[in-house]
Every structure is written in C-alpha cells, then in structure tokens.
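The values are calculated or read from the model by the stated rules, or taken from the named source; none is laboratory data. None of the values given here were measured: they were computed from a predicted structure. Ideal geometry is used to build each Cβ from the backbone, glycine not excepted, and the neighbour counts take in all protein chains shown.
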Amino acid sequence: MRSALHAEWTKLRTEVGFSWLLLAVVAVTVVLGVVVTGAVHCTAPAGCVPDLPKLSLSGVQVGQVVVAVLAVLVISGEYSSGMIRTTFTAMPRRLTVLAAKAVVLTLPVAVAGCLAVLISLLASRFLLARNGLSLPLGEGAVLRAAVGSVLYLVLIGLLSLGIATAVRDAAASIGVVLGLFFLFPIVIGMVSDPVLRRHLEQISPTAAGLAVQATTGLGSLPIGPWSGLAVLAGWAGGALAVGLGLLWWRDA
Amino acid sequence: MTTPTITPYRSELPAGRDGFGQLLRSEWTKFRTVRGWVVGTVIAVLATVLIGVLTAKGSMCSVGPFPGQPVGLPCTGTIGVGGGAVSDTFNFVHQPMTGNGSITVRLTSLTGEIPVGPLRPDAGANERPGLQPWSKAGIIIKQNTTEGSAYAAVLATGAHGIRMQSDFTQDTAGLAGAVSPTAPRWLRLTRSGDTLTGYDSTDGTHWSTIGSTRLAGLSATVQAGVFATSPAYVHVVSQSFGGSSGTGGPTQATGVFDHVELSGTPPGAGWTDTGLTDVAEPQMGAQNQFHQNGGELTVSGSGDIAPAVVGGTAAGSPIETTLGGAFAGLIALIVVGTMFVTAEYRRGLIRTSLVASPRRGRVLAAKGVVLGGIAFVAALLGVVIAVPIDEHLLRANGNFIDPAPTVADARVLIGTAAVLAVAAVFALGVGVILRRSAGVVAVVIAVFVLPRILATAGVLSTGASEWLLRVTPAAGFAIQQSLPQYSQVDADYSPAGGYYPLPPLAGFAVLCGWTALVLGLAFHLLRRRDA
C-alpha cells in the first residue's frame, strides 16, 4: 500500500496544473466569501440576524467546482493517456489503486480546504468588524461549520473521484458531477410543492451537505448539520462503490 | 530532327475540393460517427424533457380551501384583449353607452386602507391607511363587464398622478400630484368611433388632452362609469444575505366622485354596481362598496387592472416555468461541445484536420457551424417536446399558465434553444483555448449556471445578483423572460423575484458578445500555437 500511495502521489503532484488547481480552490473560496460578506449591510440589527459564518463560507460553493476538477483529473487523465493499463499491470489489485488515489486526493484537498476556510473566516471577521458585526470564531457552531466545510470539500472530492472512475472520460465526468451539484438547486428552486422540495433538499448532495455550515435556525432546516454531511458521505461512498465495481468488472 | 515535346506531368485525378462545404461535411462526419457525442446529444434532449417533467410534477397551485370546501380550487387567471395574462379585478359602477359619448366627473378624494382580514388578524383595530402607489379610481369605458375585455380609463393614482390607461399595457401620464378635497381633479373620457380620448383638468374649465387610443372592434354599446381598485400591498424586506422576506395582503381604495355628466347613455338610466374579479379567491376582508348620495358617488374596490407580472396579483405561472429541464440539456451540450474539440487534441486528430485544411480559421468556423446547428436542433427538439408535456402536468396540478402573445412564446422556445446552441459553441471556443476537457467543462458550466444559482438563491444582495446576470454569459437566459416588467405595476423585479435585469435580446447579446470574444481568442491561439 505504501508503494501504491507513493506512486499515486508522484502521479498526482506531477499532473499539469495540480498546484494551480489547489491554489485555485483556496483563491475562489476566499474571494467569493469575501465578496458576499462584504455586501452585508445591517442597518437595523434587530431585524437582521444573518448566519454570518455560513455567509463567510459561501465561497465553498465555487471552491467545490475546482475540487471536482482535481478529483476527476486523478483518474480520467490515466484513461485518456492509456496510463491506466500500466498502473494496473504494476498494481493489479484495483481496490488498492482506488484506495491509494482516494487517499492522495484527500490529503491535499483537506489542506487546501483548511486554508480556504481559515482565510475566509479571518477575512470575513475583519470585514464584518468594520461594519460593526462580530463573528465569534471560538463558538461551537462556528467550529462545526468550519470543520464541516473542510470535510464537505473532501467528500465532494471523493464523490467526484467515484463518478470519474465509473464514467472515465474527463469531460463527461465533470458534466455528471456538476449536473449533480447544480441541477438539484435549480429543480428545488422551481418545485413549489413543499413536501417534495423538502425531500429534494434532504437527498441533494450539495444542499444537504452544506447544511453543515448552518449555525442559526437549525430547527427549520430540512436536515440537521451532521446528518446532512452524512447524506453527502453516503453519495461519496455510493459513487466510490459503483466506481470500484466497474473497475473490477470492466477491462481497463 | 525534331525535339520531342515533353509534356509536364499532370495528375489524372480531379483537383480536390477544399471549399467550406467540404469542411462542413467532414466535421459533420466526425460528429455523427463518434458514439459518445451522439449519445451526449440524445441525453441533452432527454434530460431537458425529464427534468422538466420532474419540476412540473412537483409544482402545485391551489387557492383556499375556503370555508365549506374540502379542498382548494385550481389557480385561475384572466386573458386580456392582447392575448396576454392580465389582472382585471375592480369595482365598476356603470351605465350602458351607445354610440359616441363622453363621461366627465370631478374626483374629490382617493383614499386607501388595508382591511382587517386573515393576513392582518388584529381584529378590533380599525382599518388602517394603506393607499398604494398604484391604487386607482377614475372613469372607464369598457367593452362589457367581462374580465379581460377592452377598455380605456382616465384615473387618479395613489402616487403617480393622473394617468390614461387602456387595454392593460398602455399607460400615459397626465397631471401630477395627489387628489384631495382641496385639490380635486376633473377627468373626462370621450368616445368617437373606435377612438377614445382622455382629458384632465384642475378646475373643470381648462382641459388638457392626456392622450387618445384606438380600441379596434369596440361594439356599439359599451359600459361607461366610475371605478375603484387597489393592488395588494407587498412589503418586501430585502436582505443582503439569505434572500428576502415579504408580507402582503389586499388593500382597498375609495374614490369620491361628483359633477358626473354623461352623454350617450339612456336618459334617466340608473347605476349598476358590478364587481369584476379574476381570482377564485374572495378578496380577503376587502369589499366592493358603492354609495350614492345625491350627485355624489362613493366607490370602493380592491384588485388591479394591469398586465400580469411574475409573482403579481394574477396567480399564474409564466411559460418559462416549463423550461426547468433546459439547464440539464445545457450541461449535456456543453460537455458535447467541449469534447468535439478536446478529443481532437487528445487523439492528435487536430493535426490531420489542420493538414487537410491549413486555413485554421475555417476549420474553427466549420466546427462552430456544425456544432451550433446540431445543438440548436437538439435543444429545440427537447424544448418542443418538454413544453406541452410540462404544461399539461402543470395544469393537472392546478397551475394557470400565463399566456403570452405568440411572438413571446416563440421567442422563449427558440431563444432557449439558441442559448443552448451558443453555449455549446462557447464551450468549443474555450476548448480550443484550454485544450483540457475537465477544466473546460468546469469553467463553462460554472460561468453559465453558477451566476443564475447564486443570483436567484438569495445568497447575494439584489444589486450584486443583477450585476452578475448582466455581465456573465448567464445573462443570455433573459431570453426566457415571457412577462415583461411594467412601470405601472409594482412588483419584485429582482432576480430572486423571477426577473432578469436585462431585456431578452440585450441579455442574449451579452451572451453572444462573450462567445464572439472567446471564438476570437480561440482563432488567434489556433493560428499562433502548434497543434
């Protein structure tokens, strides 16, 4: 397994644009978070109780797109260049290969996610303080939102890896992944039946997963913070299982 | 001795054609022989239909249930003379008028109140003042008392002075200023054939013309009289985060008229009070009232005489509600458009293509034409299949689909297909620039879909949302807007309220501008770089 990890890490870090993509995860997350938080103006503090930590972390919604690209490149690049055959010749155990890929993807995404979340929160705290609003970083709910956002990005990476393993082609994989991310919110916005809407919010990987960022009004959410993240974990696990099943079943 | 003449070698083969038609044909052959691209295009059609069906299935509309009814009634709407959805709810005190004639009144007061009702359950409190900017009272000549029929009216408003309005969409300003007993307004409306002319005056002797309008096909006998109505108040608390919250409810306006003079009406005819309504819902707490005290008429009413807007008084769904699936088709077509060029780079086929046709700009143009054409046909097919099915499902769920004029309907359908086709060509251009398919698909989907999600999900402030939908390629979706904004109707015209900041064609032009920019850069790089 160690040698598998080493091999996968070497492949990933030499991937064209790998470090740029990691940098982009941090950059787009922070920039959107700062733009959204900078737009908060509360003239009447009594009538305005925004979920400030959630707003500060809203950049994750764009950051996840970059994470998905990174995750798809981990496997589909090998299929387009034919490298995958060499990989399986050297390491015939496909579970080992996929597990190694998942691990070497998770670590850089987790590091980039931590940086992105930390910088977003600190920058938002600074911006909000100028508008007379406070963002208590030490509070339990804020910590949950911060840790949850990092886990969210990691799970998004694993979900994308699973889908890309099943779909193989980079463009089609990204299409499926982003379709999964974006079509749920669009359909949810158009459905007027409250029961169906609630169900969709509970099963959508992004809407349910992002529930972990909520710090206020938890009672009115369609799904609780940790159970929402568990839904996303279920999606990621399912996608990886399908990907693994196809790896076993199909020729490379 | 004669030297034998040597004929230079000429190939027996006919000269190869390298016209643009050949290029188109080769690109078409490439497209139709790659299974993945054809499958992707079919998926685009199916996804457009299926996601549309899903959203339509999940959209119900009902009013009530009211006391004595077990279930709510389906939503209804009114179709105006122009063929568009309208709101036509007001209290009409009228007399028949035959042939040419005129009506003149003095309006001494226009007041409004928010009645006590279910939405304002502080029973015991009296009605509170609530004159809306577009509360209306004045004189009207209308084809008949059927909702949606042709009309012209001269009216006073809560905050926009005297207006002459006709056939729901026409609105001309007259005298400014509010009506009060110390500043009454004289209003006059005359009919001459099909032409109706409105006048206003502050003293009843010096009249000025506001405007005139032609109501084609007006019958000989019409209904003329005074009216009052007042649109629902909506108090939207817009928040720069998490969207907006609003409260609202019906309001009621009261106009007091005297010095009523009519011509063209039967001598000695009395007044008839008719409450027009286009919603099954009883106006909660609001009542139509009419009192006559000598020559003074007091009329109260609730509702509006206006074109329908998204989220307005008329409880309909615009046609673009049936196009939820277009986003799914968009994503599939972006993937196909990207692969159409990145696969050439991956397989090295691009070198063959460029050897066969060294003029690179023409290769790019041929690819764009073939891809755009295929994407347009596929998207149009998806939309044309999806819309009737979705309309049927929406109606079965009690929704009222706002009819728009046929031109607007066609613009929405063809425009949606055009946006999807241009998006695929945009992806092609970005594909030539970046060459790496994963990045291309992610960037293109993000710039097309993300702005709309961010703008309508209430994450951003209204200003930021409008800015996003003005400058990003997502502005092109404005072409789906079937119900325009009207200055004479107050509504939430923000992206969260269902309105794009740009007019349909301007939004589409922004999208085309971006695509031209991307194609220009792609052309430049294609010529400069090695393939």
Taking region A:101-156 and keeping only residues that are at pLDDT below 95 and aromatic (Phe, Trp, Tyr), one is left with A:Phe126
If a residue has to be facing chain A (nearest Cβ under 10 Å) and part of a helix (DSSP H, G or I) to count, how many in region B:435-461 make the cut?
-> 17
Write out, first by first residue and then by second, each pair whose Cβ atoms fall under 7 Å of each other, whose residues are 6+ apart or on separate chains, and whose first residue, in region A:142-161, is among the aromatic types (Phe, Trp, Tyr) while the second is assigned to a helix (DSSP H, G or I).
-> A:Tyr152/A:Val60; A:Tyr152/A:Gly209; A:Tyr152/A:Leu210; A:Tyr152/A:Val212; A:Tyr152/A:Leu229; A:Tyr152/A:Leu232
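Can A:Ala68 be described as within 15 Å of the chain's Cα centre (by Cα), surrounded by fewer than 24 Cβ atoms within 10 Å (Cβ to Cβ) and of a type outside the set (D, E, K, R)?
For A:Ala68, the condition - within 15 Å of the chain's Cα centre (by Cα), surrounded by fewer than 24 Cβ atoms within 10 Å (Cβ to Cβ) and of a type outside the set (D, E, K, R) - is not met.
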Take B:Gly429 and decide whether it is crowded, with 24+ Cβ neighbours inside 10 Å, in contact with a helix residue (DSSP H, G or I) (Cβ under 6 Å, 6 or more places away or on another chain) and assigned to a helix (DSSP H, G or I).
-> yes
Being assigned to a helix (DSSP H, G or I), in contact (Cβ under 8 Å) with a residue 60 or more places away in the chain and farther than 19 Å from A:Leu178 by Cβ is the filter here, so list the residues in region B:405-421 that pass it.
-> B:Thr406, B:Ala408, B:Asp409, B:Arg411, B:Val412, B:Gly415, B:Thr416, B:Ala418, B:Ala421
Pairs with Cβ under 6 Å, 6+ apart, first in region B:471-499 and under 26 Å from B:Ser166 (Cα atoms), second in a helix (DSSP H, G or I) and modelled with pLDDT under 85 | B:Ser482/B:Ile319; B:Ser482/B:Glu320; B:Ser482/B:Ala408
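Go over the candidates B:Ala506, B:Ala491 one by one and state the one that is aliphatic (A, V, I, L, M), under 19 Å from B:Ala421 (Cα atoms) and within 29 Å of the chain's Cα centre (by Cα).
B:Ala506 is the lone residue from the list that is aliphatic (A, V, I, L, M), under 19 Å from B:Ala421 (Cα atoms) and within 29 Å of the chain's Cα centre (by Cα).
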Could you please give the count of residues in region B:259-273 that are on the phi > 0 side of the Ramachandran plot and assigned to a loop (DSSP other than H, G, I, E, B)?
-> 2
The condition from (1) over 18 Å from A:Leu240 (Cα atoms); (2) in contact (Cβ under 8 Å) with a residue 60 or more places away in the chain; (3) within 14 Å of another protein chain (Cβ to nearest Cβ); (4) of a type in the set (A, V, I, L, M) that A:Val67 misses is numbered (1)
For region B:295-314, which residues satisfy the criterion of being at pLDDT 85 or above, farther than 17 Å from B:Phe168 by Cβ and in a loop (DSSP other than H, G, I, E, B)?
-> B:Gly295, B:Ser302
For region A:164-182, state whether one or more residues are more than 10 Å from every other protein chain (Cβ to nearest Cβ) and buried (at least 24 other Cβ atoms within 10 Å of the Cβ).
-> yes
Within the bounds of region B:463-483, is there any residue that is facing chain A (nearest Cβ under 10 Å), under 30 Å from A:Val16 (Cα atoms), more than 17 Å from the chain's Cα centre (by Cα) and among the hydroxyl-bearing types (Ser, Thr, Tyr)?
-> no
Test each condition in (1) farther than 25 Å from B:Ala150 by Cβ; (2) of a type outside the set (Asp, Glu); (3) at pLDDT 85 or above for B:Thr251 and report the one that comes out false.
-> (3)
What pairs can you find where one residue is in region A:232-246 and surrounded by fewer than 21 Cβ atoms within 10 Å (Cβ to Cβ), the other is among the basic types (Lys, Arg), and their Cβ atoms are less than 8 Å apart, with a gap of 6+ or different chains?
-> A:Leu244/A:Arg94
